[in-house]
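> Quick one: the structure is below, and I'll ask about it shortly.
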Amino acid sequence: MPTAKRALSATLVRRGGDRLLFDCSEGTQRQLLRSDVGLVELEEIFLTHYHADHYLGLPGMLKTFALRGRDVPLTIYGPKGLDELLRTLRRIFGRLTYDVSAVELEAGEGLERDGYAIVPFAVDHGMAALGYAIVEASRPGRFDVDAADRLGVPDGRERGALQRGESVTLADGRVVAPDDVVGPPRTGRKLVMTGDTAPAASVVEAAASADVLVHDATFLADERARARETSHSTAGEAALVAQEAGVKLLALTHVSTRYFGHQVVEEATQLFPATVVPRDFDLITIPFPERGDPDLIRSGARIGRPTADEDATLAEPIL
């Protein structure tokens, strides 16, 4: 349920110029308008499953886009059942000024993008449901300028060819291979979002070595039986998944209104210290691995950072 401090499930991922929305709960468009992102003309929305707290924001957002005269097509992705959901919702949002396509995905059916892939994976939520991993391709190794100088590789196209993985022949007939001047490939970044799920081996596999794992933590250990009944996770169980998968940072979401954020953190950090419970408008930055670890920036996506007094009221929100 929403509270005065926290809205429902919706996560925006920004990579370069791409804006990807994962789940679209009630009030998502208003939250975007209150953020530094704004209600941009999203081109892709990904749904994890079809419980109402994960999609009720769609009809209003789609209608708002139409009222603004949008003509850019929109694609909505989700597990099996998406076509039926959109047929039902169309009675609410009516005729639009732009095309909306529905793409039903299966686990492992990756979507290739420029420099990365979006890979759906199986979760355990007692119904058709998917998590999503955003996995960047490996990047070329660093170009060793000193080594190129020692080998006599001239500036210009020869060095460019070596960086592209092509061998070059110098004026004296020597052949220089890319391995002579370019280091090993550098890994890209990996972000994994489970949506709602009980602990699952498929999540551990999908999250292996991820920079950030965003995991369901609806309950604490005192409600483990309730978590089982509803196919959700406790904070401790999410921490065990992060530990087994070897992730760098665990972000816990979908927290019940029963708990304060610090209670959730306390349970999880006993097992996995690198755990955060983001609040609305918090931002997690994921640098390239050689540049440091992921970092949580409080209110990092909010228009107008809170004053000291406002921040004090947010220090222990009712979740």
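The values are calculated or read from the model by the stated rules, or taken from the named source; none is laboratory data. From a predicted model like this one, the values you see are computed outputs, not experimental measurements. When the accessible area is computed, the model is the full protein with side chains, heavy atoms only, and any ligands, DNA or RNA have been set aside. Shrake-Rupley method; radii C 1.70, N 1.55, O 1.52, S 1.80 Å.
> If you project the alpha carbons of segment 49-181 onto their three principal axes, what span does each projection cover, largest first, in Å?
73, 39, 19
> With a 1.4 Å probe and every protein chain left in place, work out the accessible area per residue of the chain in Å², rounded to a whole number. All intermediate terms of the calculation are to be shown ahead of the outcome.
Numbers: 15630 Å² over 319 residues.
Accessible area per residue: 49 Å².
> Do you know the relative contact order of segment 13-161, to the nearest whole percent, from alpha carbon pairs under 8 angstrom that are 6+ apart?
17
> Could you quote the convex hull projected area for the chain, Cα atoms only and averaged over all directions, in nm²?
On the way: hull surface 79.4 nm².
Average projection, Cα convex hull of the chain: 19.8 nm².
> Going down the table (5/80; 5/63; 63/190), which pairs top 31 Å between alpha carbons?
Working: 5/80 33 Å; 5/63 26 Å; 63/190 33 Å.
Result: 5/80; 63/190 exceed 31 Å.
> Put 119, 255 in order of accessible area, largest first, 1.4 Å probe: what do you get?
On the way: 119 50, 255 15 Å².
Of 119, 255, the descending order of accessible area is 119, 255.
> So for segment 207-246, averaging the separation of alpha carbon pairs under 8 Å that are six or more residues apart and normalising by length, what relative contact order in percent results?
Values: 43 pairs, mean separation 19.4, N = 40.
Relative contact order comes out at 49 percent.
> Related question: Please report the spacing between the Cα centers of segment 265-305 and segment 146-179 in Å, no decimals.
Taking the Cα centre of segment 146-179 as reference, the centre of segment 265-305 is 42 Å away.
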